[in-house]
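Visitor: Structure provided below as structure tokens; questions to follow.
The values are calculated or read from the model by the stated rules, or taken from the named source; none is laboratory data. What you see is a predicted model; the values in this text were computed from it and never measured. Here the Cβ positions follow ideal geometry from the backbone for every residue, glycine too, while neighbour counts run over all protein chains shown.
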Amino acid sequence: MNSPAPTTDYLRQSLGVTERFQRLKARPVVLEIEKLGRQFAGKNGPVTALRDISLKIHRRELVCVIGPSGCGKSTLIRIIAGLDVPTSGRLLVDGKESRGPSSERGMVFQGYTLFPWLTVKRNVMFGLQMGGMSQLEAEGKALEWLALVGLSKFADTYPAQLSGGMKQRVAIVRALAPNPRVLLMDEPFGALDAQTRAQMQAHLLEIWRNVDVTILFITHDLDEAIYLADRIIVLKAHPGEVQEVIEVSVPRPRSAEQFNSPEFLATRRRLEELIHPRVDLVHEKLPIVRLTPVGDDVE
Amino acid sequence: MLSSHWLTVGKEPAASIRFTLTVLSFLLPIAVWAIVSYVPWIWHPLIRVSSAGDVAWFKTGLLVERVVFAEENLKVVTSGGHAAEGERANPVFLPAPHQVAQAFITAFQTKPILRGDRWLHESLWLSIKTIVLGFVFSSVLGVPLGILCGAYPPIARLTEPVIDFIRYMPAPAFGALAVAVLGIFDAPKMAIIVIGTFFQQVLVIGNTVRRHEPALVEAAQTLGANRRQLLLSVIVPSCLVDLYNDQRILLGWAWTYLIVAEVVGVSSGITFFINQQAKYRNFENVYAAIIMIGLIGLMTDQGLAFIGRRLFPWQLNPPSRLGRFLRWLFPQKAVEA
């Protein structure tokens, strides 16, 4: 079995991209994770879901976390959101240690989590009012946010009447309305069809360009990660550890045409190497017995 | 080609057939009742004497068993007298449908005979008052406690075991106690309804609230909701529709305790009316009163379902069977809502 040499051309950056990364790294760190670990109690002793995860995310950076199923990427984002508690390590937001959920770390979930009993407008107002803003002021803000994602005319409809893509657009502005430092997104477009997903990715980049927010985005879709991210954090499973942090060499602004650019393809090849095990390394072979007549082969 | 058999699992019949079936579900029992009442050779175990003949103890209008009637006639005929005449009849406790239908009007006109007897409308009003007050008292405590149990496991652990224990004690068993503590008039009756409803209510409401969507709570947490806001702005509204339907079902249970509650202490309300009318052997009034209780219950439930549709506009199609029931009752209006 001759495995190809690991690709390296994904590391090659144009001057513009390098400069961009330098500018990015000069910005203040918004979210910092120090040696984060999470163990769960299992039948045969504790199971380590995450081990020694450390990362720094700078202001207005868009970071994607990618990894095979079971690598603990959902656990990671839940810990950052404050919905789960780490067994070791620290989480710092703007240099201050942070515990428990708060509106400084807004989250968009994979499932639709709009409040079904509230209209679209009131959903967006929710976070603002929890923070003590008056009804009138919150309403004004909510309408501004809805205008930003082109949903003004749906302000008074209930979520059940919206399509999946529209629901997630509302969920994004609902999370953005209370002005979070970090927007956490847990496979937010996973339940959408391919076309809607592509649209939503473009929308997200548009929103991110216009709003002062740092985004941590979890996905298992390689193209999505490359298309969106400044940096991609690749996790590996059992235990969940950082395998590699890739600075995406595809220049911004991103567009759908770049999917076939050399930088994009090189990055994609590298991600595939990291995430998809080579066939010759898969030990599990299905014990299938031939059930079709000879000569009726499908190749 | 879809299966077109009329009985297919989970397949709803067409709207027109559904309506017919609903009507039939009421008409079929009435039809059986009518057959037993009006077809003389079906059941009719008695003879109503129309002419006594020479039987000494027969009187016109007397109901006697068929065997006795035949025996007496045989005796009289063999001794050379006139045979009694009569026609087959049902016992007095089974009035015919038209008699009961008439009783719906006459029952309201039946004068109270003794001092302390009441008109039917007074009795009904008293019963409704007892039910509503008992249910409100129970809900004022039971609903908040149930919500707390559902939202906070420690509170559930503290209260639910003992409530689970008490709810198996039949509410009527507390009757004597209630009278001793609360006197003989209305208070002990409400107490029985409260006891019968409250403990179930806490458990039912608690269960409903426990089934809240955790993802919505998490979403609200990341939007900055504190503990109080989570309970009042997320958990309660997210369960509101189910809580409302629970209350409707619980109100039905409260009705089943009514009859027991009303014989506690001084018998009152619709139960007293029924008992008195049974004593006077006005069984058509008894049936009318029982059916009225059913109708009041049905109408209350339908009314609440109808209100529910307006209270919860975010529901596209309420899944309840009663909701569909309602659309049959108010076809145009409700479909638009």
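Visitor: Quick one: in segment B:287-304, which of the residues that are more than 18 Å from B:ILE274 (Cβ to Cβ) and either out of contact with any Lys or Arg (no Cβ under 7 Å at 6 or more places or on another chain) or part of a loop (DSSP other than H, G, I, E, B) (or both) is modelled with the lowest pLDDT?
Guide: B:GLN302
Visitor: Also, quick follow-up: Take B:ARG157 and tell me if it is within 14 Å of another protein chain (Cβ to nearest Cβ) and surrounded by fewer than 13 Cβ atoms within 10 Å (Cβ to Cβ).
Guide: No.
Visitor: Also, quick follow-up: Go through segment A:71-107 and give me each residue that's in contact with a strand residue (DSSP E or B) (Cβ under 8 Å, 6 or more places away or on another chain), away from every other protein chain (no Cβ under 14 Å) and not aliphatic (A, V, I, L, M).
Guide: Correct list: A:CYS71, A:GLY72, A:LYS73, A:PRO86, A:THR87, A:SER88, A:GLY89, A:ARG90, A:ASP94, A:GLY95, A:GLU97.
Visitor: Residue under question is A:ARG20, and the condition is that it be more than 14 Å from every other protein chain (Cβ to nearest Cβ) and assigned to a helix (DSSP H, G or I); does it hold?
Guide: yes
Visitor: Run A:LEU162 past the list (1) buried (at least 19 other Cβ atoms within 10 Å of the Cβ); (2) at pLDDT below 95 and report the number of the one that doesn't hold.
Guide: (1)
Visitor: Mind checking whether some residue in segment B:268-276 is crowded, with 22+ Cβ neighbours inside 10 Å, on the phi > 0 side of the Ramachandran plot and either away from every other protein chain (no Cβ under 14 Å) or part of a helix (DSSP H, G or I) (or both)?
Guide: Checked segment B:268-276: at least one residue is crowded, with 22+ Cβ neighbours inside 10 Å, on the phi > 0 side of the Ramachandran plot and either away from every other protein chain (no Cβ under 14 Å) or part of a helix (DSSP H, G or I) (or both).
Visitor: With segment A:158-246 as the region, which helices (runs of 4 or more DSSP H) entirely inside it contain at least 1 residues that are away from chain B (no Cβ under 14 Å), of a type outside the set (Phe, Trp, Tyr) and touching a strand residue (DSSP E or B) at 6+ places or on another chain (Cβ under 7 Å)?
Guide: Because the criterion is at least 1 residues that are away from chain B (no Cβ under 14 Å), of a type outside the set (Phe, Trp, Tyr) and touching a strand residue (DSSP E or B) at 6+ places or on another chain (Cβ under 7 Å), the helices (runs of 4 or more DSSP H) in segment A:158-246 that meet it are A:222-228.
Visitor: Can you tell me how many residues within segment A:33-55 are surrounded by fewer than 17 Cβ atoms within 10 Å (Cβ to Cβ) and either among the acidic types (Asp, Glu) or assigned to a strand (DSSP E or B) (or both)?
Guide: The qualifying residues number 11.
Visitor: Can you name the residue in segment B:205-233 that is in contact with a Cys (Cβ under 9 Å, 6 or more places away or on another chain) and crowded, with 22+ Cβ neighbours inside 10 Å and is also farthest from the other protein chains (Cβ to nearest Cβ) among such residues?
Guide: Residue satisfying both the conditions and the ranking: B:GLY206.
Visitor: Further question: Yes or no: B:ALA261 closer than 16 Å to B:ASP186 by Cα and crowded, with 21+ Cβ neighbours inside 10 Å?
Guide: Against the criterion (closer than 16 Å to B:ASP186 by Cα and crowded, with 21+ Cβ neighbours inside 10 Å), B:ALA261 qualifies.
Visitor: Using the structure shown, decide if B:ILE184 is of a type outside the set (D, E, K, R) and crowded, with 20+ Cβ neighbours inside 10 Å.
Guide: So B:ILE184 does not fit the description; no.
Visitor: Identify the single condition in (1) more than 22 Å from the chain's Cα centre (by Cα); (2) surrounded by fewer than 15 Cβ atoms within 10 Å (Cβ to Cβ) that B:PRO29 does not satisfy, given that it satisfies every other one.
Guide: With (1) more than 22 Å from the chain's Cα centre (by Cα); (2) surrounded by fewer than 15 Cβ atoms within 10 Å (Cβ to Cβ) applied to B:PRO29, the lone miss is (1).
Visitor: When residues of segment A:121-132 are filtered for being within 11 Å of chain B (Cβ to nearest Cβ) and farther than 23 Å from A:ILE77 by Cβ, how many remain?
Guide: Of the residues in that region, 5 qualify.
Visitor: Looking only at segment A:105-137, how many residues end up being free of Cβ contacts under 8 Å to residues at least 24 places away in the same chain and either among the β-branched types (Val, Ile, Thr) or part of a helix (DSSP H, G or I) (or both)?
Guide: So the answer is 5.
Visitor: All but one of (1) surrounded by 22 or more Cβ atoms within 10 Å (Cβ to Cβ); (2) farther than 24 Å from B:LEU243 by Cβ; (3) hydrophobic (A, V, I, L, M, F, W, C) hold for A:ALA155; state the number of the condition that does not hold.
Guide: It fails just one condition, (1).
Visitor: For segment A:247-263, which positions are farther than 23 Å from A:ARG60 by Cβ and not in a helix (DSSP H, G or I)?
Guide: A:SER261
Visitor: For residues that are assigned to a helix (DSSP H, G or I) and within 14 Å of another protein chain (Cβ to nearest Cβ), tally how many sit in segment A:141-157.
Guide: Number satisfying all stated conditions: 4.
Visitor: Would you confirm whether or not segment A:196-209 contains a residue that is closer than 22 Å to B:ASN226 by Cβ, out of contact with any helix residue (DSSP H, G or I) (no Cβ under 9 Å at 6 or more places or on another chain) and surrounded by fewer than 20 Cβ atoms within 10 Å (Cβ to Cβ)?
Guide: Checked against the condition, which is being closer than 22 Å to B:ASN226 by Cβ, out of contact with any helix residue (DSSP H, G or I) (no Cβ under 9 Å at 6 or more places or on another chain) and surrounded by fewer than 20 Cβ atoms within 10 Å (Cβ to Cβ), segment A:196-209 yields no hits at all.
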